[in-house]
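Following: one structure in structure tokens, then a few remarks.
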Amino acid sequence: MSKQNTVPATQEVLDRLPAVQARVSASKTSIYAWVKSGNFPPPVKLGVRAVAWRRSDVDAWISSRASHVA
């Protein structure tokens, strides 16, 4: 029997910067500029020098951008 990697429904999936960059096709500088201007969801602090973005927040941002383009 194979073991699947599943996330419990109550646990939020977090993506680090390289994954976010790949999903939105943008540079680190652009992402942080968008965060500063309020045009992109802010990251969640994981520690002193580590942040990540909620996948659901990035998904919502992508969906909102798709509706503006269409």
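The values are calculated or read from the model by the stated rules, or taken from the named source; none is laboratory data. The structure presented is a predicted model; accordingly, all values stated were derived computationally and were not measured. Don't worry about glycine lacking a Cβ; one is built from the backbone with ideal geometry, like all the others, and counts go over all protein chains shown. With ligands, DNA and RNA removed, areas are computed over all heavy atoms of the protein, side chains included. Shrake-Rupley method; radii C 1.70, N 1.55, O 1.52, S 1.80 Å.
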_Between a residue in segment 8-30 that is open to solvent by 80 Å² or more (accessible area, probe 1.4 Å) and any residue that is not β-branched (Val, Ile, Thr), which pairs come within a Cβ distance under 7 Å, given they are 6 or more apart or on different chains?_
GLU12/ARG54; GLU12/SER56; ARG16/ALA52; LYS28/LEU17; LYS28/GLN21
*VAL48 fails exactly one of the following numbered conditions: (1) within 27 Å of GLN11 (Cβ to Cβ); (2) in a helix (DSSP H, G or I); (3) open to solvent by 80 Å² or more (accessible area, probe 1.4 Å). What is the number of that condition?*
(2)
_I need the full set of residues from segment 20-45 which are part of a helix (DSSP H, G or I) and of a type in the set (A, V, I, L, M), in order please._
VAL20, ALA22, VAL24, ILE31, ALA33, VAL35
_modelled with pLDDT under 95 and of a type outside the set (Lys, Arg): which single residue out of ALA26, ALA52, ALA60, ALA66 fits that description?_
ALA66
